[in-house]
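Participant: Pasting a structure here, questions to come.
The values are calculated or read from the model by the stated rules, or taken from the named source; none is laboratory data. Just so we're clear, the structure is a prediction, and the values are computed from it rather than from any experiment. All Cβ positions, even for glycine, are placed from backbone atoms using ideal geometry, and neighbour counts span all protein chains on display. SASA here: full protein model, heavy atoms, side chains in, ligands and nucleic acids out. Shrake-Rupley method; radii C 1.70, N 1.55, O 1.52, S 1.80 Å.
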Amino acid sequence: MKIYTKAGDMGETSLCDGKRVSKTDPLVCACGDMDELNCLLGEIASGCGFDLLKRIQKDLFNIGSILAGAKVEPEFKVEFLENEIDRIDGALPKLTSFILPGGCAAAAKIHTARSVCRRAERSISGISDDKKIFAPMLQYLNRLSDLLFVLARYTNMEHGHEDIILN
């Protein structure tokens with residue numbers, strides 16, 4: 001099987017059901033945001049060794065597949081994310097003010113992934129006026145961005161960096 005098909009050379013792509021759409025279609029843009037987030041998490045996981053992120057990458061791949069029309073049985077592990085947030089946040093100093101993204105390089109990358117996660121959430125939210133269709137995905141991405149926030153703080157703490165307090 002060849003990697004290139006030449007079918008997308010004129011700015012269109014195929015969804016899983018074979019339907020051809022513009023590469024600027026909001027659905028395709030949402031899939032691209034999911035792919036970008038997944039790539040960032042892969043980069044972070046390769047440098048930090050967070051097995052948690054590898055598990056989340058599989059979830060994100062499934063979300064992207066569902067968006068593209070694949071017949072994948074969705075399993076959104078929101079409770080798992082909430083448990084991880086509580087576990088990691090419990091090890092952190094209490095947050096008393098807003099903080100700026102940054103600190104060590106790994107935490108800065110996690111903050112970038114958090115912002116891409118929020119973009120993906122907005123992209124999916126904008127696809128349909130019927131939010132119930134995508135509600136489980138949106139809930140998952142909302143929790144994931146919270147998890148990435150506490151993970152960035154935790155990474156800074158582990159590397160001896162304090163939160164950068166907004167003055």
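Participant: From the list SER65, SER123, SER115, pick out the single residue that is of a type in the set (Ser, Thr, Tyr), modelled with pLDDT of 95 or more, outside any loop (DSSP other than H, G, I, E, B) and out of contact with any strand residue (DSSP E or B) (no Cβ under 7 Å at 6 or more places or on another chain). Full working, then the answer.
Facilitator: Details: SER65 fails: modelled with pLDDT of 95 or more; SER123 fails: modelled with pLDDT of 95 or more.
Only one candidate qualifies: SER115.
Participant: I'd like to know if the stretch 89-110 contains one or more residues that are surrounded by 20 or more Cβ atoms within 10 Å (Cβ to Cβ) and not in a helix (DSSP H, G or I).
Facilitator: Yes, some residue in the stretch 89-110 is surrounded by 20 or more Cβ atoms within 10 Å (Cβ to Cβ) and not in a helix (DSSP H, G or I).
Participant: Looking only at residues in the stretch 33-54 that are in a helix (DSSP H, G or I) and free of Cβ contacts under 8 Å to residues at least 24 places away in the same chain, which one is farthest from SER145 (Cα to Cα)?
Facilitator: From the stretch 33-54, those in a helix (DSSP H, G or I) are 33-48, 51-54; that's our starting set.
Filter once more, so that each one left must be free of Cβ contacts under 8 Å to residues at least 24 places away in the same chain: 39, 42, 45-46, 51, 53-54.
Details: CYS39: 15, GLY42: 16, ALA45: 16, SER46: 19, ASP51: 17, LEU53: 12, LYS54: 15 Å.
The selected residue is SER46.
Participant: Hey, can you tell me all the residues within the stretch 55-88 that are hydroxyl-bearing (Ser, Thr, Tyr) and surrounded by fewer than 14 Cβ atoms within 10 Å (Cβ to Cβ)? Give the derivation first.
Facilitator: Of all residues in the stretch 55-88, those hydroxyl-bearing (Ser, Thr, Tyr) come to 65.
Once the filter is applied, which keeps residues that are hydroxyl-bearing (Ser, Thr, Tyr) and surrounded by fewer than 14 Cβ atoms within 10 Å (Cβ to Cβ), the stretch 55-88 yields nothing.
Participant: Taking the stretch 151-167, which residues are open to solvent by less than 10 Å² (accessible area, probe 1.4 Å) and either without any contact (Cβ under 8 Å) to a residue 24 or more places away in the chain or among the hydrophobic types (A, V, I, L, M, F, W, C) (or both)?
Facilitator: Those that are open to solvent by less than 10 Å² (accessible area, probe 1.4 Å) and either without any contact (Cβ under 8 Å) to a residue 24 or more places away in the chain or among the hydrophobic types (A, V, I, L, M, F, W, C) (or both): LEU151, ALA152.
Participant: I'm told LEU100 meets every condition in (1) touching a strand residue (DSSP E or B) at 6+ places or on another chain (Cβ under 8 Å); (2) without any contact (Cβ under 8 Å) to a residue 60 or more places away in the chain except one. Can you identify the failing condition by its number?
Facilitator: LEU100 satisfies all of (1) touching a strand residue (DSSP E or B) at 6+ places or on another chain (Cβ under 8 Å); (2) without any contact (Cβ under 8 Å) to a residue 60 or more places away in the chain except (2).
Participant: Same structure, new question: Could you tell me whether ARG119 is touching an Asp or Glu at 6+ places or on another chain (Cβ under 6 Å) and open to solvent by 60 Å² or more (accessible area, probe 1.4 Å)? Even if it seems obvious, please write down each step before you answer.
Facilitator: Details: touching an Asp or Glu at 6+ places or on another chain (Cβ under 6 Å): yes; open to solvent by 60 Å² or more (accessible area, probe 1.4 Å): yes.
Answer is yes for this residue.
Participant: Residues being touching a helix residue (DSSP H, G or I) at 6+ places or on another chain (Cβ under 7 Å) and open to solvent by 70 Å² or more (accessible area, probe 1.4 Å): count how many of those fall in the stretch 27-46.
Facilitator: Count: 3.
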